[in-house]
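Here's the structure, in structure tokens; my notes come after.
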Amino acid sequence: MWPAQPIVAVTLPFALVLLLAHRRRRTVPAATKSCYVDTTAAAAATDATATSAATAAAAAAAVAAAKAAAADVSIIARFDNLTFIHKPACLGMHPGGKRKPKISAGELLCPACGRSFGKDSNYAWRRMHDHLIHNKDAIHTSWHDAHPEGFKRELEEEQVTLWHVLRGWPAETLFDEPPPPPDGEEGITIHFCNRLDQGTSGIVVLAASAGLADAVQREWSEETTRKTYLVMARGTTAASFVVDRPLTDRSTREPTQRSAVTAFELVRTCDAGELSLLRAELVEGGRHHQIRRHLNSVAHQVVGDSKHGKSYINFLLQTQFGLQRMFLHAERLRLRHPRSGEMLDVSDPLPADLEAFLARLPP
């Protein structure tokens, strides 16, 4: 044991120094403190202004990129009022909203018009979502009439989506037998049969009527239907593997986990095995972010994915090899036409930006 006297001799000076410092801090003049507070507030206001300006600049850049990408939207093929469209990566599908639906006595109700879509289920959510998209103008009007004081329309004129682009096209360009425009509206009604995330490029199917769109959506569960994607993942994967992992369908906010199966096949490795180019097929499911979440679950995250990927890998690939977006492309779609019964097999080649990225990667 150390003697107590040396310990006191050593610690006493430090205690005195701390006490003096504390008293000095408490006797700071009021004017000095007010200046300090004002300076801090001014710095915070400056930072907030800079952040707001940066956010506005980023939003303006995103709008400019979307407007530029509008020229890249093209028709791949047309089959009896089904049209296959190439969607660029930076375009979203349609204007989004944040209105929450209502659930009353187990039934799903439209948040705007109150229409019932039956028992709360995944199918009911899908029907309600299509109803909101197909009738957005009428729903906006009814919602605005009911909530004139607090409603802020989120479908701004500056927003550019695939919906905006296709609404400006002549109906004769999109369909063999174009439907008449809805009463009191200009342009055509857009019926999407499938959806791709913003950041994903590839094939989108468009139907001329809601009935045909519903029939195509029922075909997704058939064994003859095939959805194939090209995706770049980190690390070296097996030559072929299957991920069978149930997922919640976040697009409908349904908490129940549903079956989801994705099959992957290795096309080639890049960058000395640091990256793997895969061909992914949705065997079962089609859940929200299914490929991205399945690859994340086996530690082979999609490169460029800001939500489920690795940020440091995304940063390195962006700065060194120019990858500006997620490497995920809907390459091929095979389904039976619900009216004619003909098997349709449509392909969309890899976009130029992803081809250029592959060319820059070392083998």
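The values are calculated or read from the model by the stated rules, or taken from the named source; none is laboratory data. Being a predicted model, the structure only gives us computed values, none of them experimental. Positions of Cβ are generated from backbone atoms using ideal geometry, with glycine treated the same way; all protein chains shown enter the neighbour counts. SASA here: full protein model, heavy atoms, side chains in, ligands and nucleic acids out. Shrake-Rupley method; radii C 1.70, N 1.55, O 1.52, S 1.80 Å.
Can you tell me the FRET efficiency between S311 and W169 if r is taken as the Cβ-Cβ distance and R0 is 30 Å, rounded to the nearest 0.05? Numbers along the way, then the final one.
Numbers: r = 38 Å, r/R0 = 1.26.
It comes to 0.20.
When only DSSP loop residues count, what GluC sites (Glu not before Pro) in the range 200-306 have their Cβ near at most 11 other Cβ atoms within 10 Å?
Values: sites: E219, E222, E223, E265, E274, E281, E284; in loops: E222, E223, E274.
Counting only loop positions with at most 11 other Cβ atoms within 10 Å, the GluC sites (Glu not before Pro) in the range 200-306 are E222, E223.
How much accessible surface area, in Å² rounded to 10, belongs to the heavy atoms of Y312 with a 1.4 Å probe?
In the full protein context, Y312 sits at about 130 Å².
So what are the three principal axis dimensions of the range 196-243 from its Cα atoms, in whole Å, longest to shortest?
Projected onto its principal axes, the Cα set of the range 196-243 covers 44, 26, 12 Å.
Roughly speaking, what is the stretch gain from S116 to V73, that is 0.36 nm per residue apart minus the C-alpha to C-alpha distance, in nm to one decimal?
Fully extending the segment from S116 to V73 adds 12.0 nm.
Figure the gain on full extension for A239 and R268 (residue separation times 0.36 nm, minus the Cα-Cα span) and round it to one decimal in nm. Walk me through the intermediate numbers first.
On the way: separation 29, 0.36 × 29 = 10.44 nm, distance 0.90 nm.
Extending this stretch completely gives an extra 9.5 nm.
Kindly report the accessible area of the range 214-363 per residue (heavy atoms of protein chains, probe 1.4 Å, no ligands, DNA or RNA), in Å².
50
Could you tell me which GluC sites (Glu not before Pro) in the range 308-363 are loop residues by DSSP with no more than 13 other beta carbons within 10 angstrom of their beta carbon? Intermediate values should be presented prior to the final figure.
Details: sites: E331, E342, E355; in loops: E342.
Here the GluC sites (Glu not before Pro) that fit, given the DSSP loop and packing criteria, are E342.
Using modelled backbone amide H atoms (1.01 Å from N, in-plane), which distant-in-sequence or interchain residues come within less than 5 Å of G286's amide H?
HN-HN under 5 Å from G286: V261.
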